[in-house]
Amino acid sequence: MGNRSLSEVARIEAFEEAGIEGKVSSATLGVYFYWKRLKKVFIPIKVSVFPLEVTCENSHWPECAERQRKWLPSEDAALLIDEPELVSLLGSLDDKIKRDLTGDEK
């Protein structure tokens, strides 16, 4: 997406794919890889994951006809994710949020 930072691209993708807006962290939570299927081949994709503090949920968004948005506890969401690396990143985010809420620096 042009000269945009990875965190800005993540913010745009969150709106396009889930209709959510908010403040995105400039620090990545991590990366994971998956295989994207094209017409006749698979290609490896590297995804950088950024935390986003949601401030707005839109009723309509660019991909709302293709996607559903559902809020779940992290443990339930992890059961629906196929990429093991992404499950680990979700656990890392959950731990970070708990640390931030309790003020624990560990």
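The values are calculated or read from the model by the stated rules, or taken from the named source; none is laboratory data. Only a predicted model underlies this, so the values are computations on that prediction, with no experimental measurement involved. No Cβ is skipped: glycine too gets one built from the backbone with ideal geometry, and neighbour counts run over all protein chains shown.
A few comments on the model shown:
- Flag for SER74 being at pLDDT below 95, polar (S, T, N, Q), under 27 Å from LYS98 (Cβ atoms) and in contact with a Leu (Cβ under 6 Å, 6 or more places away or on another chain): yes
- Filter result (surrounded by 12 or more Cβ atoms within 10 Å (Cβ to Cβ), among the basic types (Lys, Arg) and either in a loop (DSSP other than H, G, I, E, B) or without any contact (Cβ under 8 Å) to a residue 40 or more places away in the chain (or both)) within region 53-97: ARG67, ARG69
- For ASN3: the one exception among (1) closer than 22 Å to LEU89 by Cβ; (2) at pLDDT below 95: (1)
- Among the numbered conditions (1) touching an Asp or Glu at 6+ places or on another chain (Cβ under 9 Å); (2) closer than 21 Å to SER7 by Cβ, the only one that SER48 does not meet is (1).
- Filter result (part of a strand (DSSP E or B) and of a type in the set (D, E, K, R)) within region 10-52: GLU21, LYS23, LYS36, ARG37, LYS46
- Residues that are in contact with a Phe, Trp or Tyr (Cβ under 9 Å, 6 or more places away or on another chain), within 14 Å of VAL47 (Cβ to Cβ) and not acidic (Asp, Glu) within region 63-86 comprise PRO84, LEU86, listed in sequence order.
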